[in-house]
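Just below is one structure, and these are the notes that go with it.
The values are calculated or read from the model by the stated rules, or taken from the named source; none is laboratory data. These figures come from a predicted structure and were not determined experimentally. Every residue, glycine among them, receives a Cβ derived from its backbone with ideal geometry; neighbour counts consider all protein chains shown.
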Amino acid sequence: MLRGIFDGDAELYDRARPRYPSGLVDALVRQAGLGPGSRVLEVAPGTGQLTVPLARTGSSLTAVELGPALAAVARRNLAPYPLARVEVGEFETWPLPGEPYDLVVCATAFHWLDPAVRLPRMRQALRAGGTLAVVTTDHVAGGSEDFWVEVQGCYERWDPDATEPGLRLTPQDDVRADTAEFDRADGLGPVTVRRFARDITYTADQYIDVLRTYSGHRALDGATRAGLLGCVRQLIDGTYGGVITKRYLHELITAPAR
């Protein structure tokens, strides 16, 4: 199953995956009223990209991670925070504790969870008045605009079956979170969406490392992946002076538990 593929190189994942914008973290902390004495459950934390800043609030934090290698790196990153712990398991079957949480959050992994149970279980873990939060991440138009057009040629050549010809990144103003699942979920109040865009500049090596953490790239056979990444590297180094800029759009979706 592809959702388990990230565990294959946890150190790379930790090094290459971007952390979340401070504005997003601050908004989530304020929304949930986090501080010493708060209880937080994070679903699918990876190596702690969001977990570490949440642990800095002094909250008691539990993170449930599917991959044992990812969980091990997350534990290392959380070592300075004795109130944070990481358990290995599938959230869908993980035994929920009797004491509810003030915040239940899932960042850039919600789509990997079973749609039949993900929101009901997240709501079940919350106290009344607690906060349910999901962070989505989209790759949108911006940054090195011409590169994102030209790099499609690499994908059309090396991964044609999974690549729509002429595909272009969507402008951020045209991206809107689909909140229908949250709107119709039992036990949740009105949904709020906050948007956070940012640009990150990468060298060729850094961007290749990011690509190597994506499930679709990891699932390619070795020769195809090497050809694709070589094509991307050649374009960055040969046409763009070894540096490109990528725009991310993060949406913070929150709803109070009734």
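Which residue is nearest to residue 12 (Cα to Cα), if the candidates are limited to the range 217-228 and must be among the hydrophobic types (A, V, I, L, M, F, W, C) and part of a helix (DSSP H, G or I)? Walk me through it before giving the result.
Going through the range 217-228, the residues among the hydrophobic types (A, V, I, L, M, F, W, C) turn out to be 219-220, 223, 226, 228.
Among the residues that remain, those that are also part of a helix (DSSP H, G or I) are: 223, 226, 228.
On the way: 223: 20, 226: 17, 228: 18 Å.
Filtering the range 217-228 for residues that are among the hydrophobic types (A, V, I, L, M, F, W, C) and part of a helix (DSSP H, G or I), the one nearest to residue 12 (Cα to Cα) comes out as 226.
Can you name the strands (runs of 3 or more DSSP E) wholly within the range 66-178 that have at least 1 residues being out of contact with any Cys (no Cβ under 9 Å at 6 or more places or on another chain), of a type in the set (A, V, I, L, M, F, W, C) and closer than 24 Å to residue 189 by Cβ? Don't jump to the end; show me each part of the working.
On the way: elements: 84-88, 101-107, 126-140.
Passing ranges, in order: 101-107, 126-140.
Taking only pairs six or more apart or across chains, which ones have beta-carbon atoms under 9 Å, a first residue in the range 47-73 that is in contact (Cβ under 8 Å) with a residue 60 or more places away in the chain, and a second residue that is in a loop (DSSP other than H, G, I, E, B) and among the basic types (Lys, Arg)?
50/19
Please identify the pairs in which a residue from the range 180-198 that is closer than 21 Å to residue 108 by Cβ and free of Cβ contacts under 8 Å to residues at least 60 places away in the same chain has its Cβ atom under 6 Å from the Cβ atom of a residue that is of a type in the set (D, E, K, R) and crowded, with 16+ Cβ neighbours inside 10 Å, counting only partners at least 6 apart or on another chain.
195/251
Kindly check whether there is at least one residue in the range 207-218 that is over 22 Å from the mean Cα position of the chain (by Cα) and touching a residue at least 60 places away in the same chain (Cβ under 8 Å). Spell out how you get there, then give the answer.
Quick first cut of the range 207-218, residues over 22 Å from the mean Cα position of the chain (by Cα) only: none.
No - not one qualifying residue is present in the range 207-218.
This table checks each residue for (1) of a type in the set (Asp, Glu); (2) modelled with pLDDT under 95; (3) touching a Gly at 6+ places or on another chain (Cβ under 7 Å).
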| site | (1), (2), (3) |
| --- | --- |
| 71 | no, no, no |
| 82 | no, no, no |
| 87 | yes, no, no |
| 102 | yes, no, yes |
| 133 | no, no, no |
| 137 | no, no, no |
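Hey, any hits in the range 206-216 for a residue that's in a helix (DSSP H, G or I), surrounded by 17 or more Cβ atoms within 10 Å (Cβ to Cβ) and touching a Ser or Thr at 6+ places or on another chain (Cβ under 7 Å)?
No; the residues of the range 206-216 include none that is in a helix (DSSP H, G or I), surrounded by 17 or more Cβ atoms within 10 Å (Cβ to Cβ) and touching a Ser or Thr at 6+ places or on another chain (Cβ under 7 Å).
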